[in-house]
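Quick notes on the structure that follows.
The values are calculated or read from the model by the stated rules, or taken from the named source; none is laboratory data. As the structure is a computational prediction, the values presented were derived from the model and not from experiment. Ideal geometry is used to build each Cβ from the backbone, glycine not excepted, and the neighbour counts take in all protein chains shown.
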Amino acid sequence: MTALTLKSRNISLGEGHPLLVIAGLNVLENLDLALTVGRELKAITSDLGLPYVFKASFDKANRSSIKSYRGPGLKDGLAMLAEVKRQLDVPICTDLHEIDQAEPVAAVAELVQLPAFLIRQTDLVVAAARATAKHGGWLHAKKAQFLAPWDCKNIIDKAREAAPGVDIVLCERGSSFGYNNLVVDMLGIGEMKKLGVPVTIDATHAVQLPGADPRTNGGSTGGRREGVSVIAKSAIAAGADGVFLEFHTDPDKALCDGPSCLPLSGARSLLTTLKAVHQAVQA
């Protein structure tokens, strides 16, 4: 597998390189919270010698209820992410949902993320790949909950046909397991890496219980916060090159996906452990 280098930030991902940490908020709530979380995670990863990318969504378009909080939207959200990037001097990862969002998102975010539910939408994949290649970023493509690991080849082929040479990273985030549940096939990480691209693990969304939050009687997605570290450690042991995590200063008060979110106070301990697991695998 060929390692990738984000030239604008001198960050590398893949075999022989440190564990990449993509972490931040589930969705932007306000600038102060984004800066607080990003600043702490940057300090921790710097101490650990791990490359860091701040992540947050500007719009959570895929919600269980029309009443659910979605975020500040494209214009205000990208302005907020640009300010985080400016103040903290960190690369940005955020997702897009519509073709017209590709260019403005790629102009701000070094990692342009394709959501799992939209990964087969050809026009969106094409637009995202072209915009990402134009701006020299990485296309972070999440494997859909209904896709086999080897079927990710079609995602890669689409993106490279649209934008030859575009850098692609696949992300495992769990597969549907009956109703209201997800499971992660750890052997799938190796299968995805056989496609010749780096692979990350989204340990936060992998513990979701879709449409099963008892607090809202199914009006929102539940989660098993205690399982995030289990999934992250297991996936890294299975060969994942990077980890995708969501934190909050008070997860139970997070405006979106709180049940799957980790407390910021536990970030240093978890990331220290994940670094050790990754180093053991690389040895």
- prompt: Residues in the range 188-209: is at least one more than 20 Å from LEU111 (Cα to Cα), at pLDDT below 85 and within 19 Å of the chain's Cα centre (by Cα)?
  reply: yes
message: Which residue is farthest from GLY196 (Cα to Cα), if the candidates are limited to the range 9-20 and must be touching a residue at least 60 places away in the same chain (Cβ under 8 Å) and in a loop (DSSP other than H, G, I, E, B)?
response: ARG9
message: Between ALA43, ALA23, ALA106, which is farther than 23 Å from SER269 by Cα, modelled with pLDDT of 95 or more and either in contact with a helix residue (DSSP H, G or I) (Cβ under 7 Å, 6 or more places away or on another chain) or assigned to a helix (DSSP H, G or I) (or both)?
response: ALA106
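Which of the residues belonging to the range 229-262 are out of contact with any strand residue (DSSP E or B) (no Cβ under 6 Å at 6 or more places or on another chain) and either exposed (fewer than 14 other Cβ atoms within 10 Å of the Cβ) or in a helix (DSSP H, G or I) (or both)?
SER229, VAL230, ILE231, LYS233, SER234, ILE236, ALA237, ASP250, ASP252, LYS253, GLY258 - these are the residues of the range 229-262 that are out of contact with any strand residue (DSSP E or B) (no Cβ under 6 Å at 6 or more places or on another chain) and either exposed (fewer than 14 other Cβ atoms within 10 Å of the Cβ) or in a helix (DSSP H, G or I) (or both).
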message: Quick check on the range 117-140. Is at least one of its residues within 25 Å of HIS248 (Cα to Cα) and modelled with pLDDT under 95?
response: yes
message: I'm told VAL126 meets every condition in (1) β-branched (Val, Ile, Thr); (2) part of a helix (DSSP H, G or I); (3) under 17 Å from the mean Cα position of the chain (by Cα) except one. Can you identify the failing condition by its number?
response: (3)
Breaking point among (1) of a type outside the set (D, E, K, R); (2) surrounded by 15 or more Cβ atoms within 10 Å (Cβ to Cβ); (3) modelled with pLDDT under 95, for ILE66: (2)
query: Residues of the range 74-89 being crowded, with 22+ Cβ neighbours inside 10 Å and under 17 Å from PRO51 (Cα atoms), which ones?
result: VAL84
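Tally the residues that are farther than 25 Å from GLU246 by Cα and either assigned to a helix (DSSP H, G or I) or in contact with an Asp or Glu (Cβ under 9 Å, 6 or more places away or on another chain) (or both), restricting the search to the range 109-123.
Result for the range 109-123: 2.
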- request: Go through the range 185-199 residue by residue and tally those that are buried (at least 20 other Cβ atoms within 10 Å of the Cβ) and touching a Lys or Arg at 6+ places or on another chain (Cβ under 9 Å).
  value: 3
- prompt: among the basic types (Lys, Arg), touching a residue at least 40 places away in the same chain (Cβ under 8 Å) and not in a helix (DSSP H, G or I) - does that describe any residue in the range 138-145?
  reply: yes
query: Picking from LEU170, LEU182, which residue would you name as being surrounded by fewer than 22 Cβ atoms within 10 Å (Cβ to Cβ) and within 22 Å of ALA232 (Cβ to Cβ)?
result: LEU182
- prompt: Restricting the range 156-213 to residues that are of a type in the set (Ser, Thr, Tyr) and touching a residue at least 40 places away in the same chain (Cβ under 8 Å), which is farthest from THR132 (Cα to Cα)?
  reply: THR204
Tally, over the range 146-171, of residues that are within 18 Å of THR2 (Cβ to Cβ), touching a helix residue (DSSP H, G or I) at 6+ places or on another chain (Cβ under 6 Å) and not in a strand (DSSP E or B): 4
Selection status of ASP32, acidic (Asp, Glu), surrounded by fewer than 18 Cβ atoms within 10 Å (Cβ to Cβ), in a helix (DSSP H, G or I) and without any contact (Cβ under 8 Å) to a residue 12 or more places away in the chain: yes
- request: Please state which of the following conditions ASN62 fails to meet, knowing it meets all the rest: (1) closer than 19 Å to ALA141 by Cβ; (2) under 17 Å from the mean Cα position of the chain (by Cα); (3) part of a strand (DSSP E or B).
  value: (3)
task: Please find, among ALA129, ALA106, the residue that is within 21 Å of ARG70 (Cα to Cα), small (Gly, Ala, Ser) and touching a strand residue (DSSP E or B) at 6+ places or on another chain (Cβ under 9 Å).
output: ALA106
